[in-house]
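Read the structure below first, then the notes.
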Amino acid sequence: MHRISRHPRVLIGCLAAALTAATALPAAAQSDVQAAAAPLSKGEQRLAKLLEGRVAGEPVRCIRAFRNVPMQTIEGTAYVYGRGNTIWVQRTRDPEQIDDDDVLIVDRRDSTQLCRLDFTTTVDRFTGFFSGAVFLEDFVPYTRVKTEAAGEG
């Protein structure tokens, strides 16, 4: 009787794991294609419309946040700050929890910036009761692309 050494067993185990992973890849690829083909939610459609003609920049930890800078709440999707050439998109850790009926309350030490580590909560717009905590992520700037005039070259 021949005894199989430890090394061939490891090799056989690795080959079995590789074959299992290889057979699982087509299923994973199919789910990615199905997810990509899924229709966009109303919030994602609204955000896409806001971002038309804009290019994403490098994410930043803080943005300037003065009282006169507008903020839009896109339900289930993101908060959008700013106006003009550059706007910042804040998706948060749980974008599904973003609700149009809630007011975002920011407890910050520096009143000129909004940062990802600021303590933020939401309050129901109608009752005034606490409705949740918001965990901010980095802010992604989207800047309008300047198009060249036709005929210039």
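No lab work stands behind these numbers, since they all come straight from the coordinates. If you're wondering where the values come from, they're calculated on a predicted model, not measured in any experiment.
Note on segment 35-80: Cα-only Rg and Dmax are 13.0, 40 Å.
The Cα-based radius of gyration and maximum Cα-Cα distance (Dmax) for segment 53-153 are 15.6, 59 Å. Couplings 3J(HN,Hα) for segment 64-69, derived from phi with the Karplus relation 6.51 cos²θ - 1.76 cosθ + 1.60 (θ = phi - 60°), are 6, 9, 8, 4, 8, 8 Hz, where x marks Gly and Pro.
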